[in-house]
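Values quoted throughout were computed directly from the atomic coordinates according to the rules given, and no laboratory measurement underlies them. A quick note: this is a predicted structure, and the numbers were derived from the prediction, not measured. Note that each Cβ is placed from the backbone with ideal geometry, even for glycine, and that neighbours are counted across all protein chains shown.
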Amino acid sequence: MKISGNKIFIKGFTLKDLQDYCISIGEPKFRGNQLFNWLYNHISFDFNEMQNISKQLRNKLTECCELKTLTLRTVQDSHSTGTKKYLYETTDKRKIESVIIPEKDRNTLCI
């Protein structure tokens, strides 16, 4: 379980991890199923979008948990080639660079 400051990063938790976490904070096991659905089927990054979860639990999750794992730092466009370079930062301050290279029939992504 990865923790930053006092928040737990739950993005990346398995279904069982989410069920266990919900039980550990006094919630029913099925809340883990709901969270799993929102995180991986709806690709949600905001607890307030999770309308089938009580507002009280959404507030608790907002205080205790973090969903965002990457922060976009910069974008560079090459007007001559059409490539776009993205620089991301992880929660532990590591950098990840990606480049999208447009081609005639496809795009290539390098990470």
*Restricted to region 78-95, and to residues that are of a type outside the set (D, E, K, R) and over 17 Å from residue 111 (Cβ atoms), which residue is surrounded by the most Cβ atoms within 10 Å (Cβ to Cβ)?*
91
*Residue list for region 9-44, filter: touching a residue at least 24 places away in the same chain (Cβ under 8 Å), exposed (fewer than 15 other Cβ atoms within 10 Å of the Cβ) and of a type in the set (A, V, I, L, M, F, W, C)*: 25
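Does residue 98 satisfy being surrounded by fewer than 10 Cβ atoms within 10 Å (Cβ to Cβ) and either touching an Asp or Glu at 6+ places or on another chain (Cβ under 6 Å) or of a type in the set (Gly, Ala, Ser) (or both)? I'd like the intermediate steps shown before the answer.
Numbers: surrounded by fewer than 10 Cβ atoms within 10 Å (Cβ to Cβ): no; either touching an Asp or Glu at 6+ places or on another chain (Cβ under 6 Å) or of a type in the set (Gly, Ala, Ser) (or both): yes.
No: the conditions fail for residue 98.
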